[in-house]
1. Given the options A:295, A:385, A:191, state which has the largest fluctuation in a GNM of chain A using a 10 Å cut-off (strictly under) for Cα springs.
2. Pairs of Cα atoms under 8 Å, at least six residues apart: use those to get the relative contact order of the stretch D:242-299, whole percent.
3. Can you give the % of DSSP beta bridges in the stretch D:107-244 that are antiparallel, to the nearest 5?
4. Calculate how large, on average over all directions, the projected area of the Cα convex hull of the protein assembly as shown is; give the answer in nm² to one decimal.
5. Counting only DSSP beta bridges with both residues in the protein assembly as shown, what percent are antiparallel, rounded to the nearest 5?
6. For chain C, just say rounded, prolate or oblate: build the C-alpha gyration tensor, square-root its eigenvalues into a ≥ b ≥ c, call rounded for a/c under 1.5, and beyond that prolate if a/b exceeds b/c, oblate if not.
7. Hey, in the GNM for chain A with a 10 angstrom Cα cutoff, which one of A:68, A:286, A:225 fluctuates hardest?
8. If we count other beta carbons within 10 Å of each Cβ, what is the order of B:369, C:78, D:118, fewest first?
């Protein structure tokens, strides 16, 4: 792959004033100086959108009022954007992503991909039809030690995986924030905008994707219970999910946004025949490996032990911590590799094998769908559809 | 309560040469110098039993060959034992405990109380009939910070409990030890001697009892899956159990003896309205409290923050760690208080309110029974019997 | 302060191909999108320098072969650089910085400021004469929790400081790397280029600056021993320094680059009347506070407890770790604030009170000088000059 | 060695009502059931002494009013004590120990051995003359992982030691407790009873002994500064000591009793050619080993990695923590081995090679003496006497 002479021209939909996630996308995009922000729409109100675009030093004629306008006009420019990031509320992803795909623009989209299963499946089909790059920002798999863990398991050194315990136990919504006008809490706890399960869509898909990414196994069947820890809340905010993977591998997934006192809480433990490993997002620069025999080990990001994919994603010596933006930046790097490969006629999937794609995004939506089905059957075991074909969307309850 | 002029005269059944658990009972019993070992039977082979009793400096005429002989002869002596500890294989507890109760001797028994539900219920009835002290050594609730956690929740400072996550993820049997002649592994993995679920009986009851002790809540309903992580093993060695408590409180219990690389792995996390707490047996001298607001706190055993019951169970300044034997010793202390109270005509339950009793032991057996029932129904929700009356014993599969 | 319409135009001297520190400067500079790299000289060899400038997408006419040329030509351009970063070997800082100051360009310079005391003092005088911004990248004081610690102590909540224990115990040069041709090790262990004490200059000044920054106290007197842990090495690689601060405050500073197995190892502990605090660079997102009474606390970066300066330097929610580049980026942010203030006629010191300046840099050089004097007097107590006036430079040994 | 048929008959001087250290000795002595308490004097007031002896269930005729009486009468009994523990204030150790040695009774004595150097040297001579066992309870070297660390270094696996950093930074006297009538604080902060340096005698000797025990190296030369952190205190409560060991090995020792917020704070770090190790008393069940290459390791007490001496001192499976009393108990076990060996005509030093003896105790006193000399010379380097012969006692200041 030839490294292009300039960063990719890049635009954003969403992530305006006060949006931490929007800010994170911008930091991630320039972490390795691969993307240059040249266009955007940042608010539903056109005036506010343009004002914020000005704050970001975007040229006046590329400060848009609507995403429809942005998609259409950027597609016509010679120097139009080569990629767009979508970080709007989840129920709008489908329409916006469709529009940019229709205009031939590669897409980077927040997760969960959509709030409805049929929308997710439709985006998969559109991506297949267009051949465009469609990245979904499961950003935690950008962490160096996550990639090291994946490759350590893949190396066979620890033998076959037997058990997967994953949790994303956050406390950000441990009180009835929605009653106090908290913006993010409000839409995430509104049954109509949050989708079938807010907490599984928002946090559970990260946990499911992380577990599958690291183990290389896919959840086959689930038995789930959704519950509401904060009294007065109208949606579930806690999920317990028992998992079965192929080959008699078992697992447990716990996600909540309402565990008082927790900060972030994403943690993965995998047990294989010859040892276990543990990684937690709050201390991301180490991977604990506990061999069946011999002392527990702490493998440091940046150390000579790094396997190749981890070494590539590490930017600094061991002992000098990297954080959230670095992991997020790695997803953007992967997206950049995929897009540049496509421009140069190569296979994006080969150029960026670790990039989470629309298929991963759709799988997350199917996982949410399946968890909800199991919950509605009082925790009975339900299969996760193996692929997107022939899936019957979840009905409203 | 008047403190008696001498330690209680005490005997043991089980825990002979090479038995770590037997050694632990003896260390626990003398930790606070409350019990003096004066009689015992330590092996099924009378010669080996008497030899080991000699090693323990027990007088010649009290080195017994069988527990039947010991119960009968000790009961007749003026200076006969005032308490007996039973730490034999689980399926023998019922017969031995019954014999000592019949002879009017207070009992301290390992958990699980029995391998069969009807045996457990029978022991409850016998204890009720005799009024003797019957302690069950759920030793982890003897840890100081466990008692502090219990009283911190009971104080209401953290509000009502919402969620309970407990795990006992050990790695002691992470390979097919039973194929190598490992003694403990052999009887624990033999379907006939291990009971309905070896791992739930052995480790799960500790986790269930710890969770109930700390929260003051009792598991009401479970949905469970048992599985076998070590290929070739004939019993389950991993259990995932979803829990419902009264008042819409939810929980998750995970126990395994087969997680490679794990050492002990007992850990409890409780989330209440105004904060969460976490305790792990491997670092028992601190309790992590994470308030809804403000920084996370590490409360040290022995510090001035100790609530009364914890302060009583702490024997050393903060910063000077206490360990496993100290916690175990606290259970013995409680048993001592109960026995002395009985001798003096007081209520043992008032004198030793934290002592785990035969009721707790039976509840553990019912918990195992219920988990197995749920598993046999493919994870369907099953109620744990609220008390021992009217329970139908589990049938063989 | 009015936020300017564009990032500052910025150039670099040093930090070329393969330089991790050069890469760190570039990441730091764009972390908050405050600087745009438009010119540079990156190697002593002009061809290699220009090639690397091309890799960085710098325009052809601003890919310089020497820093003399760069200073002169950039100063003449209407769109010339507004700041230059110097990250060349330490003994070249003085000449390069002088040249850019002479051309009216604000300077950002690596530490140690110089290898010779008189050079450091000369730079202080030149900065005073020109009134330009002269930042020195003591990057560790850019960490959020370092600033929180400083303000927590300044708030008086913990009372007066009594004791300061600081260490920077790295293992990067724990073998005789210089014998294997390791580039950085070679110049750092060459007595002629490393200055009077390599390890004190390189790591010790970070530790001294961190301790002084957090406590607001300045080291008054030192008693030191330099030693060489790696056999065969020609310079010291370990330093033990006893510290006295005004007001009968005591301290200890330990720095090494040769502690086998250590990764980074910068750690600060401060004890004040009512409690202690601890911070370590490898886990930078928390500050441990141990009050005289009550439980130990872990204060999380991004939490509501953040004091104002810390809150300003934090860019992400608690639980989502920030790392080395973020801290470094904060130094660049401060430099940006100072430079913009100067452009707008305000006082840079008011606009960026936390920015380490040439005075801090010179103080570090004086600290090195004083430590070496003490060592040469077999550890006798020697005063650190209170300011740069009247200082007699250290003679060669 | 033949294991005797009964525990050793044992008495105590000191450690009466409310004495935590007295209680610790008793728990340690019965931890492995090696000693039976049969005589004692527990207070200067004979009535209180006898009352407390009664609480301990000591027979009436062996509840003594003075240690002189106890030594004399026990020596005459056929069933007299075979060992005595002395845990009285430090300045009384010499007289009491001398008396028991004179009566042919083996001694176990708290550290520091004495408050005066000549007293320490006298005890060494008396032990040599009598050939009795004289143990000094440097209890921290009883920890399993301390012994493992020692043997790991001795094995040569990590190469030659280069650097030793030891600290015992406690906060127990971080306020002016002596002004509030705190008993222990009062005598420890009284210049007449505390000896030349209270904090070095009390905590510093532990740190010095631990460092020497683990490395097998002896401190050769020190440069020290004593200081007082708590304003109004009449003795020093903080010590910074630079250390030189033979073979160009360097070290640093920091001890304080006045670091606010600290609990215990004993921690040792040793760096050898091929890696470093770290142990802290507050988490005693693990030893961190950081090899020059490869991941950091946590070695667990009780794991199969245990080297022989550590394995012998470990009483429980890995993951089941042992604590302070266990380590202390190991010192008692060693004392028991030495005493039994002497009874059986064997060499106590061979039977109990790890037992700290009167020589170790005297060495500690010499260390205190040397630190104080250095401090009085404003931190000049002073040699620690290599042995007890020809030492000139420290004069009063």
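1. Between A:295, A:385, A:191, it is A:295 that shows the largest mean-square fluctuation.
2. Working: 71 pairs, mean separation 11.4, N = 58.
Reported as a whole number, the value is 20 percent.
3. 70 percent
4. Over every viewing direction, the Cα hull of the protein assembly as shown projects on average to 56.6 nm².
5. 60 percent
6. Note, shape of chain C comes out oblate.
7. Taking springs between Cα atoms under 10 Å, the residue moving most is A:68.
8. Numbers: B:369 25, C:78 4, D:118 14.
Going from least to most buried by this count: C:78, D:118, B:369.
A short reminder: the numbers here are calculations on the coordinates, not readings from a lab. Just so we're clear, the structure is a prediction, and the values are computed from it rather than from any experiment. Every residue, glycine among them, receives a Cβ derived from its backbone with ideal geometry; neighbour counts consider all protein chains shown.
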